[in-house]
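So the structure is just underneath, and the comments pick up after that.
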Amino acid sequence: MVKAYQTFEQQVDLLCRRGMDVGDRDAAIEVLRRVNYYRLSGYWYPFRRWDGTERGDDFFPDTRLTDVVALYDFDAALRAATFSALAPIELAIRALLGHELGRLDPCIHLDPSKLGPRALRGGTYRRWLDGYQAALTSSREDFVAHHYGKYGGTLPVWAAVEVLDWGGLTYLFGFAPRRVQDEIAAVCGLRAPQLESWLKSLNLVRNTCAHHGRLFNRVHTIVPKLPPVGSHPDLDSATTSWNRTYGQLTLIQFLLDRLRLGRTTLLPAVVRSFPTVRAVPLTHLGAQGHWQDASRLWRR
């Protein structure tokens with residue numbers, strides 16, 4: 001059974017019946033023309049009354065559409081800032097991984113026997129290689145055309161990393177010999193298993209941003225591995241909710257700091273712009289009230 005179709009006007013009526021103050025009706029209709037009803041529903045979810053242990057359909061008193069839209073607009077700004085902050089991290093990991101693997105063999109990515117033991121187990125490496133070959137074939141980059149014309153299409157690893165997406169890059173890091181992993185992780189101030197965990201976690205954050213997903217009030221599926229308490233005071237006091245968005249953003253701040261990259265002021269500035277909504281405090285992002293003073297990473 002498929003839910004019945006509703007016009008924008010009917011959607012506004014439904015919100016009113018459930019107790020939301022939509023303000024100017026025509027303006028509310030324009031909001032729903034601009035942003036899908038079901039996309040906005042993720043932002044009015046915290047305003048829904050409890051019905052036992054679950055959320056009901058009706059809203060708490062004084063729920064306003066303007067507050068919902070303010071949260072949505074904040075989240076859009078946070079996604080853009082997060083995507084921007086992740087870009088230099090991705091590029092730095094590409095450069096480091098291509099450089100360290102190339103030191104061992106220019107074509108090490110094409111020979112699993114020269115990689116780490118994980119490349120020899122199961123079919124994961126074969127699937128990765130198939131994906132790499134597909135990316136190579138579909139690439140429109142000039143350097144790829146150059147290698148096809150001059151070297152028959154065989155890219156050395158320091159060029160090959162440039163056709164990989166973040167996920168493919170993370171897999172290649174996992175396939176790399178441990179000494180390569182350790183070298184790159186040390187630059188980031190981490191151990192190899194920790195960095196791999198962070199790369200997997202931040203890949204999901206990046207994909208959420210790229211596909212216009214919701215960062216606000218999100219519980220992420222991967223809890224990153226952290227260094228032992230005391231080894232990095234910046235992380236010890238920053239947050240305990242590492243599967244919430246503020247925790248994931250703290251990983252980004254840490255990597256930007258250790259890799260000496262990008263604008264470390266960008267994410268703090270956006271988080272400070274969190275709208276004042278009485279029913280939905282900043283804790284819905286995973287941050288505590290003292291977030292700006294909890295770690296040097298955020299004081300900037």
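None of the figures in this text is laboratory data; all of them are computed from the coordinates on show. These figures come from a predicted structure and were not determined experimentally. Every residue, glycine as well, gets a Cβ built from its backbone with ideal geometry; the counts of neighbours run over all protein chains shown.
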> Hey, what do the phi angles of region 253-263 turn into as Karplus ³J(HN,Hα) couplings, whole Hz, using 6.51/-1.76/1.60 and θ = phi - 60°, x for Gly and Pro?
Replying inline: 4, 5, 5, 4, 5, 6, 8, 6, 10, x, 9
> What whole number of Å gives the distance from the Cα centroid of region 248-300 to the Cα centroid of region 14-29?
Replying inline: 33
> Which value in nm describes the separation of the simple spin-label points at Ser231 and Tyr45, placed 7 Å from the Cα toward the beta carbon?
Replying inline: 3.3
> From the square roots a ≥ b ≥ c of the eigenvalues of the alpha-carbon gyration tensor of region 166-260, which class results: rounded (a/c under 1.5), prolate (a/b over b/c), or oblate?
Replying inline: oblate
> In what order do Ile108, Ile29 fall by count of nearby beta-carbon atoms within 10 Å, going from fewest to most?
Replying inline: Ile29, Ile108
> Applying 1/(1 + (r/R0)^6) with R0 = 30 Å to the Cβ-Cβ distance of Tyr38 and Ser84, what FRET efficiency is obtained, to the nearest 0.05?
Replying inline: 0.65
>> P(r) for the chain, please, calculated from all Cα pair distances in 20 Å bins and given in %.
In response: 29, 47, 23, 1
>> Can you give me the angle between helix 166-175 and the longest principal axis of the chain, using Cα atoms only, in degrees from 0 to 90, rounded to the nearest 10?
In response: 40
>> If you fit an axis through the alpha-carbon atoms of helix 25-34 and take the longest principal axis of the Cα set of the chain, what angle between them do you get, 0 to 90°, nearest 10?
In response: 20
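Please say if region 1-73 is rounded, prolate or oblate, where rounded means a/c under 1.5 for a ≥ b ≥ c the square roots of the C-alpha gyration tensor eigenvalues, and otherwise the choice is prolate for a/b larger than b/c and oblate otherwise? Could you put the intermediate results ahead of the total?
Numbers: a/c = 1.58, a/b = 1.19, b/c = 1.33.
Taking the square roots of the gyration eigenvalues as a ≥ b ≥ c, region 1-73 is oblate.
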>> Taking the 0 to 90 degree range and rounding to the nearest ten, how far is the long axis of helix 65-104 tilted relative to the main principal axis of the chain, both from C-alpha atoms?
In response: 0
> Once amide H atoms are placed 1.01 Å from N in the peptide plane, what residues at a sequence separation of 5 or more from Arg244, or on another chain, have their amide H within under 5 Å of its amide H?
Replying inline: His220
> When the Karplus curve 6.51 cos²θ - 1.76 cosθ + 1.60 is applied with θ = phi - 60°, which whole-Hz ³J(HN,Hα) does each residue of region 245-251 get, with x for Gly and Pro?
Replying inline: 4, 4, x, 5, 5, 5, 4
>> Amide H of Arg49 versus every other amide H placed in the peptide plane: which residues, excluding those fewer than 5 positions away on the same chain, fall under 5 Å?
In response: Gly56, Asp58, Phe59, Phe60
